[in-house]
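Report on the following structure.
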Amino acid sequence: MTDTIFHKILNREIPADIVYEDAYTYAFRDIAPQAPVHVLFVPKQDFATINDVPEESAVVIGRLATAAARYARQQGFAERGYRVVMNCNGDGGQTVFQIHLHLLAGAPLGHFGTPR
Ligand code: 5GP
């Protein structure tokens, strides 16, 4: 099994503000938030990068997206909007090698790639 900081969070070996968990997915606040709301959705199944997810496991990524949307509805910002991002490898800025979906919300984030 892969051993990243996120696995330690899932196993409660290091503290985190876990805001969501079900049989497949867990989510916690990012330690260095890039928006007023910044939550990471992580599958319990191990894949280091999105490159490593085979077609037959696409549902793993789908569950991250639907969990994020459910959280957005529960928190009341689904209609105002939010951004979801998955980084991959060096050029994508990935630093933790267990796949995860960033959910950013709570302020106008601007057009993607446009400086605010
Ligand atoms: P990546 O750069 O791999 O797409 O995203 C990794 C994210 O994990 C970063 O936004 C970083 O701030 C967050 N992160 C790294 N270490 C920890 C930690 O120990 N706790 C929490 N809650 N977030 C972390």
Q: Round to the nearest 10 and give me the degree value, 0 to 90, for the angle of helix 58-75's Cα axis relative to the longest principal axis of the chain.
A: 40
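Of the trypsin sites (Lys or Arg not before Pro) in the stretch 55-112, which ones lie in a loop per DSSP and count no more than 11 other C-beta atoms within 10 Å? Walk me through the numbers before you get to the answer.
Numbers: sites: Arg63, Arg70, Arg73, Arg80, Arg83; in loops: Arg80.
Qualifying residues, ordered by number: Arg80.
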Q.
About the Cα centre, and with charges only on the beta carbon of Lys, Arg (+1) and Asp, Glu (-1), how big is the dipole of the stretch 5-105? Nearest 20 debye, please.
A. 380
Q: Treating the Cα atoms of the chain as identical point scatterers in vacuum, please give the log10 of the normalised Debye intensity I(q)/I(0) at q = 0.21 Å⁻¹, two decimals.
A: -1.29
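Report the gain in length on full extension from Asp46 to Val85: 0.36 nm times residue separation, minus Cα-Cα distance, nm rounded to one decimal.
Numbers: separation 39, 0.36 × 39 = 14.04 nm, distance 1.82 nm.
In short, 12.2 nm is gained.
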Q | Of the GluC sites (Glu not before Pro) in the stretch 5-104, those whose Cβ has at most 12 other Cβ within 10 Å and which sit in DSSP loop | A | Glu13, Glu79
Q) What is the Cα centroid distance between the stretch 72-116 and the stretch 31-55, reported in whole angstrom? A) 10
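All of the numbers you see were taken from the coordinates with simple rules; none came from a lab. Every value quoted in this text rests on a predicted model; they were computed, and no experiment measured them. So basically every Cβ, Gly included, is an ideal-geometry build from the backbone, and we count neighbours across all protein chains shown.
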